[in-house]
Amino acid sequence: MTLNEIIAKVSKESGIPQKIVDRTYRAYWRAIREHITSLPLKKDLTDEEFMKLQPNINIPSIGKLSVTLDRYHRIKKSYNKFIELKKKDNAAHKKS
């Protein structure tokens with residue numbers, strides 16, 4: 001079933017116009033995306049700063065999107081290694 005088919009079905013069952021159903025659905029996911037992208041996860045946060053954030057979102061019938069402190073540290077370490085390797089690669093290309 002495609003998104004348009006689902007929107008049409010929900011619209012028919014609820015009596016709400018398709019345009020309103022579509023806008024509501026998109027606004028819901030936009031709010032989730034804005035919340036996640038607003039988190040300062042690219043910064044070097046202390047454990048206390050991370051714990052003050054709310055990096056978890058529960059989506060009914062789907063489940064919980066979450067970032068644990070351990071996962072944050074592992075991803076941050078991996079990201080820093082990537083940046084370091086990229087700098088070394090750029091420096092090697094400049095010497096060539």
> Just for segment 52-96: of the residues that are polar (S, T, N, Q) and over 20 Å from the mean Cα position of the chain (by Cα), which one is nearest to Leu41 (Cα to Cα)?
Replying inline: Asn90
> For segment 61-69, does any single residue satisfy the condition of being part of a helix (DSSP H, G or I), within 30 Å of Ala31 (Cα to Cα) and without any contact (Cβ under 8 Å) to a residue 60 or more places away in the chain?
Replying inline: yes
>> Go through segment 43-60 and report how many residues are farther than 20 Å from Asn80 by Cα and assigned to a loop (DSSP other than H, G, I, E, B).
In response: 5
> Is one or more of the residues making up segment 51-64 in contact with a strand residue (DSSP E or B) (Cβ under 8 Å, 6 or more places away or on another chain) and among the basic types (Lys, Arg)?
Replying inline: yes
> Is at least one residue of segment 27-35 of a type in the set (Gly, Ala, Ser), modelled with pLDDT of 90 or more and not in a loop (DSSP other than H, G, I, E, B)?
Replying inline: yes
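Conditions tested, residue by residue: (1) out of contact with any Lys or Arg (no Cβ under 7 Å at 6 or more places or on another chain); (2) more than 30 Å from Arg71 (Cβ to Cβ); (3) in a helix (DSSP H, G or I).
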position	(1), (2), (3)
Met1	yes, yes, no
Glu5	yes, yes, yes
Glu13	yes, yes, yes
Asp22	yes, yes, yes
Leu41	yes, no, no
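The rows are residues; the columns are (1) surrounded by fewer than 10 Cβ atoms within 10 Å (Cβ to Cβ); (2) β-branched (Val, Ile, Thr); (3) touching a residue at least 40 places away in the same chain (Cβ under 8 Å).
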site: Glu13; (1), (2), (3): yes, no, no
site: Ile16; (1), (2), (3): no, yes, no
site: Thr24; (1), (2), (3): no, yes, no
site: Tyr28; (1), (2), (3): no, no, no
site: Thr37; (1), (2), (3): yes, yes, no
site: Leu41; (1), (2), (3): no, no, no
site: Met51; (1), (2), (3): no, no, no
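The values are calculated or read from the model by the stated rules, or taken from the named source; none is laboratory data. This one's a predicted model, so the numbers in the text were calculated from it and none came from an experiment. Cβ coordinates were reconstructed from backbone atoms using ideal geometry, including for glycine residues, and neighbour counts include every protein chain displayed.
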